[in-house]
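The values are calculated or read from the model by the stated rules, or taken from the named source; none is laboratory data. Model, not experiment: these values are computed from the prediction. Every residue, glycine among them, receives a Cβ derived from its backbone with ideal geometry; neighbour counts consider all protein chains shown. What goes into the accessible areas is simple: the full protein's heavy atoms, side chains included, and nothing from ligands, DNA or RNA. Shrake-Rupley method; radii C 1.70, N 1.55, O 1.52, S 1.80 Å.
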Amino acid sequence: QVQLVESGGGPVQAGGSLRLSCTASGRTFSSYNIGWFRQAPGKEREFVGAIRWSGGSTYYADSVKGRFTISRDNAKITAYLQMNSLKPEDTAVYYCAMTTYGSYWSMEVYPYWGQGTQVTVSS
């Protein structure tokens, strides 16, 4: 049984930084691509970014490019989402997910999801 647990969310002022962690268990973490998604109140869940299983390639939504960085440490079975220059519009529940598929931007290809962690950015 796969489990993903996100942590690191919380309140932060605009312009600040947070680092989210996503720790996995139950599968060979290093074989999976990791995606980060977020869902703001009243909005659909959206793609934030992803990192391939090897860590060699990362992909970002235009809205976070240049501010967010995804990394992973397969030895620690953990992926990270470093968020800098946060804006109020970044307020959302952030989710990590795992997939073996390459269409990383699509929620439908991710069979494994964490429970989410709340990020609240105040102006």
Checklist entry - Name the residues in region 48-74 that are touching a helix residue (DSSP H, G or I) at 6+ places or on another chain (Cβ under 8 Å) and of a type in the set (Val, Ile, Thr), would you? => result VAL64
Next on the checklist: Can you tell me how many residues within region 1-11 are open to solvent by 30 Å² or more (accessible area, probe 1.4 Å), assigned to a strand (DSSP E or B) and of a type in the set (Gly, Ala, Ser)?
Outcome noted: 1
Next on the checklist: Taking the conditions exactly as written (small (Gly, Ala, Ser), within 10 Å of the chain's Cα centre (by Cα) and more than 18 Å from GLU108 (Cα to Cα)), does SER57 satisfy them or not?
Outcome noted: no
Checklist outcome for this item: Restricting region 86-104 to residues that are touching a Gly at 6+ places or on another chain (Cβ under 6 Å) and at pLDDT 95 or above, the one farthest from GLY116 (Cα to Cα) turns out to be LEU86
Next on the checklist: Whether any residue in region 49-62 is touching a Leu at 6+ places or on another chain (Cβ under 8 Å), among the hydrophobic types (A, V, I, L, M, F, W, C), buried (at least 18 other Cβ atoms within 10 Å of the Cβ) and outside any loop (DSSP other than H, G, I, E, B) is what I want to check.
Outcome noted: no
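Name the single residue, out of those in region 82-123 being open to solvent by 40 Å² or more (accessible area, probe 1.4 Å) and under 18 Å from SER71 (Cβ atoms), that is nearest to the chain's Cα centre (by Cα).
My answer is GLN82.
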Next on the checklist: So, in region 75-104, exactly how many residues are farther than 17 Å from LEU4 by Cα, among the hydrophobic types (A, V, I, L, M, F, W, C) and not in a loop (DSSP other than H, G, I, E, B)?
Outcome noted: 2
Next on the checklist: Test of understanding: among ALA79, ALA24, ALA14, which residue is surrounded by fewer than 18 Cβ atoms within 10 Å (Cβ to Cβ) and either in contact with a helix residue (DSSP H, G or I) (Cβ under 9 Å, 6 or more places away or on another chain) or closer than 21 Å to MET107 by Cα (or both)?
Outcome noted: ALA14
